[in-house]
Amino acid sequence: MALSGYVPAADDQLEFQDFPEDEVGPAAPNSFTGLPDPHDAEEKDDLLTGDRTQASFWTFEYYQAFFDVDTHQVMSRLLGSFIPRLHSNYLQTYIRPNPDLYGPFWVCATLICTIAISGDLAAFMQTSGKMDFAWQADFKKVSIAATAIFCYAWLVPLILWALLWFRGSSSSYTFLEIACVYGYSLTVYVPISILWVIPFVWLRWLLLVIGTSTSGFVLLWAFWPAVRDEGKKIIGIGCMLLVGLMHVGLAIGFLLYFFQVPEYTTGSTITPAANTTMSTTTTKMPSNVT
Amino acid sequence: MSTSARNADTADFHYEQLDQSIGELDLEGDIMVPGAASSVAAAADDLSDPDTLDEPVLATVVRDLRAVGVKFRHVFYPRRNPALLRDWDLWGPLLLCITLAALLRRDGSDDGGGGGDAHFAEVFVVIWLGAVVVTLNSKLIGGAISFLQSVCVLGYCLLPLTIAAVVCQLVLLLGSSESVGLFATRVIVVAAAFAWSTFASTAFVADSQPPRRKVLACYPIFLFYFVVGWLILSHAR
């Protein structure tokens, strides 16, 4: 009795219905679930960083995941890479949620340009008194700078990651995170390489010391938790020493290779007159660079 | 009423509608015969005609050049006009890139190394590779712009810098590269062209980016034009 009364009613209800277009809008799923809209850009970072789906290696989306950063994130990472903070670890506070490759790549590209250009400018200023110096963009310098910087930013993190993995470090730093820290740690050399145009040797070395000590401190502080509970102390300390020495060595290499004045004329040194023209052009040129 | 009967009714209704619409279709028209003189003349007169098979080569070239010219004008008045993005082509970028590389060519007699051809190739590769890398970057950070559209915009926006290179070459013809006044002129011209190129291309490209990533998309463009501007400025002879 109850069943026979029920069936026709179900037959009436199980029909397709037309809903007007304005009721089935993009906001409709929210009314059913009560969840916030996942397409909302504000909420996306907080909600989806934990369980991000991994796309296939051969798709474009796989690489887009490495560039998933916003302007304010990049800015804070750039600043944090050379402002030492004792109470916070750079890798764990700035990089950890999602390491990106945007910053490392463009920091390296910028550094190649600034080093090659300001090296050229420095050579131009110190030889501007001599008429026979043909001043041109030196592509050999650009390619050497590019090779050195990209090798440093990729090979050193690879070695460090392999070492940590081999020693079974408990910190679980991924290669991407280490590469990201290394890429951002070169940030401080960009303004320094522009300031190296000023032709005072003591100023150049002073800038080098300031820059390498601040960014080197951030770098070492970021990797310290990874080697702190290392079984053999000598390997942990050696690892830290290697990281620090390579960071300083890169900067010294830049300064010695790109900013030493080659002698183009036989035996003649730079006269005081040439020095004054240099300083006048110095005041003019950085406004062009920066 | 059963469901199948209702479906048959609906189908009948659709056939009736189809019959009516076929009956109203205009099936008359002229058949274009390629050999016929009158039809060829008509096709040549009407430039908006999509059939470009029969038109003279000159008309094709002129029309393409006109399209390039329209885009050059857009670079000088960078309004928010999507025309440059919609009808992209690579003729303008190729033209500008070759002009720039030829202007920055180094004399073969120069013993600085490399010879003339090396510098031509370097400038050419820097421009195309730079445009490709900048485009890849804007795609990777989530820009809604197609690959060749972006290359097209970046290439066309080299126009101010190409003009600056021509001006610099004329300035260098006037006097020696050692004069401070002439050097200052070159710096000012290249800086203005660099600013104009960056402004024009970011006006086009920034719209395709999410608002919080505009700076991330614009910075590589800035760097790209800066390097090209530096190449122009550093070309001293």
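The values are calculated or read from the model by the stated rules, or taken from the named source; none is laboratory data. Not measured: the values here are computed from a predicted model. Here the Cβ positions follow ideal geometry from the backbone for every residue, glycine too, while neighbour counts run over all protein chains shown. Areas reflect the complete protein model, heavy atoms only, side chains present, ligands, DNA and RNA absent. Shrake-Rupley method; radii C 1.70, N 1.55, O 1.52, S 1.80 Å.
Here are the numbers for the structure shown:
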read-out: Fraction of accessible area attributable to carbon and sulfur, segment B:55-234 (%, probe 1.4 Å); value: 72
read-out: Relative intensity, log₁₀ I(q)/I(0), of segment B:55-234 from a Debye sum that treats every alpha carbon as a point, q = 0.09, 0.18 Å⁻¹; value: -0.34, -1.16
read-out: Spin-label model distance (nm) - B:LEU65 vs B:TRP128, 7 Å beyond Cα toward Cβ; value: 2.5
read-out: Accessible area (Å², 1.4 Å probe, nearest 10) - B:ARG86; value: 150
read-out: Approximate spin-label separation B:ILE188-A:THR147, in nm, with each point projected 7 Å along Cα-to-Cβ; value: 4.2
read-out: Accessible surface of A:GLU61 - all protein chains present, 1.4 Å probe, nearest 10 Å²; value: 110
read-out: FRET efficiency estimate (nearest 0.05) - Cβ-Cβ, B:ALA195 to B:ARG79, R0 22 angstrom; value: 0.80
read-out: Solvent-accessible ranking of B:PHE147, B:PHE72, A:PHE254, largest area first, probe 1.4 Å; value: B:PHE147, B:PHE72, A:PHE254
read-out: Förster radius 41 Å - calculated FRET efficiency between A:PHE175 and A:LEU203, Cβ distance, rounded to 0.05; value: 0.65
read-out: Electrostatic dipole magnitude of segment B:55-234 [Cβ: Lys, Arg +1; Asp, Glu -1; Cα centre; debye, to 20]; value: 920
read-out: Distance in nm between pseudo-label sites at A:ILE252 and A:LYS140 (7 Å out along the Cβ direction from Cα); value: 2.5
read-out: Accessible solvent surface per residue of segment B:185-237, calculated while the other protein chains remain in place, 1.4 angstrom probe, Å²; value: 35
read-out: Per-residue SASA entry for B:TRP88, accessible area with 1.4 Å probe, Å² rounded to 10; value: 100
read-out: A:ASP120, A:ASP229, B:ASP87, reordered so the largest accessible area comes first (probe 1.4 Å); value: A:ASP229, B:ASP87, A:ASP120
read-out: Cα gyration tensor shape for segment A:82-129, rounded if a/c is under 1.5, else prolate or oblate; value: oblate
read-out: Area buried, chain B against chain A - accessible surface, total, 1.4 angstrom probe, square angstrom; value: 3100
